[in-house]
Amino acid sequence: MNLLALDTATPSTVVGVLAGAAVGQERDDPSPGERPRHAQLVLALADRALRRAGLGWEDIERVGVGVGPGSFTGLRIGVATARGLAQSADVPLVGVSTLRTLAAVVLGLGTEGAGRAGGGRDTLAAAAAPGVLTALDARRGEAFVAAFRGSPAGPDEVAAAAAVSPDGLGQLVEGLPDGEGWWGVGDGAIRFRGHLEPAGVVVPPDDSSLHRVDGEALCRLAAAAPPQAWEAVNPDYLREPDAEVALRASRR
């Protein structure tokens, strides 16, 4: 299968290409404080990824897209782009949870993933961890959080995605099976490290690649998922966009 997958739910713009059994990715990871460049780069990165895989746009057989939760603007750009590509090529479209994509990498680490985890000690902890808590910075003092365990090819959702306050993170961890030792990844895990680590969650160093959406994991999950109708693939916002909240407040 030749598959193109993209995710713009976080500040990073991530594009992966699955060509047969080979996977490649292109990405843009803005520095802290820099604005995301989804609209400017997503198609350019996709074109580069396809060319590096020896493919053209006409070779795409399936399109996958990260549906969040995440940035309202980023999700709109990613899903609209993926829909347009799938429709123009007349190929299936698949939506993939961004939180699930983050979890798949950690669940597949094993003892060989020291470089990605940021150290041998952390890798051994990951191999024995009962599962992974994925957290994205949701702004407004909250995190978008879900918990997974099981196989990287099909992470099982233990706690459904939700917008959670910092105080609620500890309560969520307390309700997870198997007690302490879960891993926490994502920029929300970095931001709320001070709430997760006291609850027994292992959070990799801030510069670990585990905190970023991985194009290969996105492709693998999109390849395994059943295709959906184009119009059925929608962003998973989890809550009202900031603009709508502000507009409602201004009318009071």
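Taking other C-beta atoms within 10 Å as the exposure proxy, Phe144, Phe72 rank Phe72, Phe144 from fewest upward.
Length available on full extension from Ala22 to Arg139: 0.36 nm per residue minus the Cα-Cα distance, which gives 38.5 nm.
Amide H contacts for Trp183 (H built 1.01 Å from N in the peptide plane; partners 5 or more residues away or on another chain; cut-off under 5 Å): Gly131, Val132, Leu133, Val202. For Cα extents along the principal axes in Å, which listed value, (i) 70, 38, 31; (ii) 56, 51, 32; (iii) 71, 36, 35, comes from the coordinates shown? After the calculation, the listed value that fits is (ii).
Overall size of the stretch 169-234 from C-alpha positions, given as principal axis extents largest first: 43, 28, 20 Å. Straightening the chain between Ser165 and Trp230 buys 20.1 nm, computed as 0.36 nm per residue apart minus the Cα-Cα spacing. Structure remark: mean-square fluctuation, Gaussian network model of the chain, C-alpha springs under 10 Å; the largest value among Asp47, Asp178, Asp214 belongs to Asp178. For Val96, the amide hydrogen comes within under 5 Å of the amide hydrogens of Val65, Gly66, Val67, counting only partners 5 or more places away or on other chains and with H modelled in the peptide plane. One Cα centroid belongs to the stretch 58-85, the other to the stretch 3-21; the line between them spans 9 Å. Charged side chains reduced to their Cβ positions (Lys and Arg at +1, Asp and Glu at -1) give the chain a dipole of some 500 debye around its Cα centre. Taking 11 Å as the cut-off, the amide N atoms of the stretch 5-19 that come nearer than this to a point 7 Å along the Cα-to-beta-carbon line of Glu34 belong to 12-13.
Seen from Val65, the other residues with C-beta closer than 10 Å to its C-beta sum to a net charge of 0, counting Lys and Arg as +1 and Asp and Glu as -1.
Residues in the stretch 98-109 carry Karplus couplings, in order, of 5, 5, 5, 4, 4, 5, 4, 5, 5, 5, x, 4 Hz; the curve used is 6.51 cos²θ - 1.76 cosθ + 1.60 with θ = phi - 60°, and Gly or Pro positions show x. Backbone N atoms of the stretch 79-112 closer than 17 Å to the 7 Å Cα→Cβ label point of Arg239 belong to residues 99. Taking the number of Cβ atoms within 10 Å of each Cβ as an exposure proxy, the fewest-first ranking of His38, His195 is His195, His38.
A short reminder: the numbers here are calculations on the coordinates, not readings from a lab. Please read these numbers as outputs of a predicted model, since none were measured by experiment. Here the Cβ is made from the backbone with ideal geometry for all residues, glycine too, and neighbour counts use every protein chain on show.
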